[in-house]
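The values are calculated or read from the model by the stated rules, or taken from the named source; none is laboratory data. None of the values given here were measured: they were computed from a predicted structure. Cβ atoms come from the backbone with ideal geometry, glycine included; neighbour counts cover every protein chain shown. Surface accessibility is based on the protein's heavy atoms, side chains included, excluding ligands, DNA and RNA. Shrake-Rupley method; radii C 1.70, N 1.55, O 1.52, S 1.80 Å.
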Amino acid sequence: MSNNFKQTVFSGVQPTGNLHLGNYLGAIKNFVELQKKMKCIYCVVDLHAITVFQDSKELKKNMLETTATFIACGLDFKKSIIFNQSSVSEHSELAWIFNCISRIGWMNRMTQFKEKAGKNKENASVGLYVYPNLMAADILLYKATHVPVGDDQKQHLELVRDIAQKFNNDYKSDNFFPIPEPLIQKKLSRVMSLRDGKNKMSKSDESEYSRINLQDTEDEIYKKIKKAKTDSEPIPSRIEDLKNRPEALNLINIYSFITNKTLENTLDSMAGKDFSKLKKELSDALVATICPIGKKIKELKKDEKYLIDILKKGSNKAKEIAKININKVKDIVGFISH
Ligand code: TRP
């Protein structure tokens, strides 16, 4: 990849209420770290959200709650750009151009569309189908070079790279768009459900006991960890011995990540001990990290004006960059802009 590009991080998060430990450890904690090293742009993606119908009141509430969660977790709106996607209309403009670059054959390979559309594909929205083209627009509008994403978005990011490449080739504009790199967390495997170590921790799981929500109280956290599924074996000394013990692995994984230890460190200090000991330390660590975040989210949610103002300031900063780049794109494509 060319080095002409300033390193820029871009990531998008869908507006959802009640974000949980999986969202925090899998994404937001990393966003906070990245702020220290690079210029970061974090976007709450409302245009993506409506690819599946959203109640309008609920959408707005979720936008504000996600913003509050960002801030409560330590994203710094003075340092990074934090904004709502729909307020920078250049995203939609570039997405249209990318709809014309991207190929139907490419879209048809997207596994997330197949999963989300389910059996009744004919009834899925066209927006859901071209969802990854909008994602390409999000990233490339800022010429972002690095994109922190979860495992499930790897295929979409591959497509974003293909779109960037094809645009550059078709319009003979070598190196106009950077080919963005995914940033996938290596230290942490996915945070799984506390009830079933083979399923991802998810907001749509029926059981509240399957997840730790960022706004859970101390009592709820202790109760949930106490009830978390394990097995009857003690904690092993080697990682290999956790292979067929998904629930055990999950708790050790969460504990290690939240206390900034490697899996090896944790096993060294805990080998041979009972899970009740790990659970006690895990709950203490979770309460110490999560409860202050939860309290902050609840506090911030009360001040709608403040949250809207953060998004507005972020949108204005984003627009400055977006305008420059969309004008260059229009020029390359051959549009007459006034
Ligand atoms: N598709 C992403 C998800 O569901 C959200 C997203 C939208 C995104 N635009 C993005 C992620 C750009 C990274 C970069 O998680």
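Some notes on this structure:
- A DSSP coil position with no more than 14 other Cβ atoms inside 10 Å describes the following chymotrypsin sites (Phe, Trp or Tyr not before Pro) in the stretch 259-338: Phe335.
- For the chain: relative contact order, % (alpha-carbon pairs under 8 angstrom, 6 or more apart): 23 percent
- Of Gly22, Gly272, Gly197, the residue with the greatest mean-square motion in the GNM of the chain, using alpha carbon springs below 10 Å, is Gly272.
- Per-residue 3J(HN,Hα) values for the stretch 43-57, derived from phi via the Karplus relation 6.51 cos²θ - 1.76 cosθ + 1.60 with θ = phi - 60°, read 10, 8, 8, 6, 5, 5, 4, 7, 5, 10, 3, 10, 4, 5, 5 Hz in sequence order (x marks Gly and Pro).
- Accessible area expressed per residue, the stretch 202-315, with surrounding protein chains retained (probe 1.4 Å, Å²): 55 Å²
- Crossing angle, helix 246-258 versus the chain [Cα axis fit, 0-90 degrees, rounded to tens]: 70 degrees
- Placing +1 on the Cβ of every Lys and Arg and -1 on the Cβ of every Asp and Glu, with nothing else charged, gives the stretch 203-304 a dipole about its Cα centre of roughly 120 debye.
- Note that the chain shows a convex hull volume over its alpha carbon atoms of 154 Å³ per residue.
- Rolling a 1.4 Å probe across all protein chains gives Lys280 an accessible area of roughly 110 Å².
- Taking 0.36 nm per residue of separation and subtracting the Cα-Cα distance, full extension of the segment from Ser207 to Glu264 would add 17.4 nm.
- In terms of distances greater than 18 angstrom between alpha carbons, the cross-link table entries Lys224/Lys279; Lys154/Lys261; Lys37/Lys79; Lys36/Lys79; Lys79/Lys319 yield Lys154/Lys261.
- Most mobile listed residue (Ser283, Ser232, Ser193) in the chain, GNM with C-alpha springs under 10 Å: Ser232
- Histogram of C-alpha separations across the stretch 208-299, 10 Å bin width, %: 17, 50, 27, 7, 0
- Among the trypsin sites (Lys or Arg not before Pro) in the stretch 1-99, those located in a DSSP loop and surrounded by at most 16 other Cβ atoms within 10 Å of their own Cβ are Lys6, Lys36, Lys37, Lys78, Lys79.
- Couplings for the stretch 77-83, taken from phi via the Karplus curve 6.51 cos²θ - 1.76 cosθ + 1.60 with θ = phi - 60°, read 6, 7, 8, 9, 9, 10, 7 Hz in order; Gly and Pro are left as x.
- Residues whose placed amide H lies under 5 Å from that of Lys39, excluding near-sequence neighbours: Val9
- Among the protein heavy atoms of the chain, carbon and sulfur supply 50% of the accessible surface, probe 1.4 Å, non-protein parts ignored.
- Rel. contact order, % - alpha carbon contacts under 8 angstrom, at least six apart, the stretch 221-338: 24 percent
- Per-residue [θ]222 nm for the chain (sum of -39500 (n - 2.57) over DSSP H runs n ≥ 4, rounded to 500): -16000 deg cm²/dmol
- Among the listed pairs Lys39/Lys200; Lys60/Lys229; Lys166/Lys312; Lys6/Lys330, those whose Cα-Cα separation exceeds 28 Å are Lys39/Lys200; Lys60/Lys229; Lys166/Lys312.
- Estimated vicinal HN-Hα couplings, Hz - the stretch 18-31 in sequence order (Karplus 6.51, -1.76, 1.60; Gly, Pro = x): 6, 5, 10, 4, x, 5, 5, 6, x, 9, 5, 4, 5, 4
- Cα long-axis angle, helix 154-170 against the chain (0 to 90 degrees, to the nearest 10): 20 degrees
- Peptide packing for 211-220, 97-106 was compared via the average number of neighbouring C-beta atoms within 10 Å per residue; ordered from the highest value, the list is 211-220, 97-106.
- Working from label points 7 Å from Cα in the Cα-to-Cβ sense, the Lys198 to Asp151 distance is 1.4 nm.
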